[in-house]
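These notes concern the structure reproduced below.
Quick note: the coordinates plus some simple rules give every number you see, no bench work behind them. This one's a predicted model, so the numbers in the text were calculated from it and none came from an experiment. Cβ placement follows ideal geometry from the backbone for every residue including glycine, while neighbour counts extend to all protein chains displayed.
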Amino acid sequence: MKSWLLRGLGLALVHVVVRVLLGAALIQWPLQGSVLRWAGLAVVVLAAVAWAGLDGIRDRRAHPDADDGDDLTMRWLAAGAVTGLVGGFVTWLVDTVTSIPVGVKSLFFELTSGAAFTVLLVFLPAMAAVAVGRFLVRHDKPSDDDWSDHSNRPERIPAMAATGPSTTDSTRGIAPTDAWSNDEAPTEVFPAVDPTTRNRDA
């Protein structure tokens with residue numbers, strides 16, 4: 001099944017269920033009609049936002065380069081059209097066949113003005129959710145030129161400046177000297193002075 005068709009049919013089911021439950025709730029609580037309508041509207045929008053946000057996250061993880069990503073704009077535009085047309089038709093059918101007062105006007109209205117409103121209700125929040133999902137994934141991974149990331153910086157290892165007899169005096173041994181392997185390391189190591197030899201010469 002096409003990805004846009006799957007999303008359109010899924011959201012159409014949510015749309016129909018919300019409108020049927022809203023029609024039943026208005027019979028029980030007629031004074032709460034405004035609150036119930038806003039709650040049903042929020043459910044449809046949140047369903048589109050959650051699904052589209054997951055699409056944006058998965059697409060950015062699969063395609064780190066924005067130019068290689070899938071065309072989620074056309075996917076969700078087609079999904080919104082399916083939601084509006086299928087949801088409007090099924091809602092009209094439920095209102096016609098059953099005794100549940102869904103509150104539809106006519107089939108023509110549900111497939112034109114009602115469907116157009118549903119398309120916008122799905123498409124606009126979905127595009128915002130896709131952008132947020134891609135944004136979160138992009139800022140979740142550190143970039144290669146991030147100066148604050150020191151995980152790949154090599155460690156400084158001390159080097160031995162002299163590990164054997166001095167090149168200036170091959171007959172007299174000197175102790176090895178530790179020095180750091182940088183530009184400030186000494187370039188010449190002086191031999192140690194033996195006190196007994198100096199007293200003998202005196």
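Quick look at the values:
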read-out: Long-range amide H partners of Val104 with built H, under 5 Å; value: none
read-out: Cα-only radius of gyration and Dmax that characterise the stretch 1-84, units Å; value: 16.1, 53
read-out: For the stretch 8-23, 3J(HN,Hα) per residue [Karplus equation, 6.51 cos²θ - 1.76 cosθ + 1.60, θ = phi - 60°, Hz, x = Gly/Pro]; value: x, 5, x, 6, 5, 4, 4, 4, 5, 4, 5, 5, 5, 5, 5, x
read-out: Backbone HN-Hα couplings from phi across the stretch 38-45 [Karplus 6.51/-1.76/1.60, Hz, Gly and Pro as x]; value: 5, 5, x, 4, 5, 5, 5, 5
read-out: In sequence order, calculated HN-Hα J values of the stretch 86-96 (Karplus, 6.51, -1.76, 1.60; Hz; x Gly/Pro); value: 5, x, x, 5, 5, 5, 4, 5, 5, 5, 7
read-out: Two-site FRET efficiency, Phe117 against Lys2, from Cβ-Cβ distance with R₀ of 25 Å, rounded to 0.05; value: 0.60
read-out: Additional length obtainable on full extension of the chain from Leu46 to Leu13, 0.36 nm per residue less Cα span; value: 10.5 nm
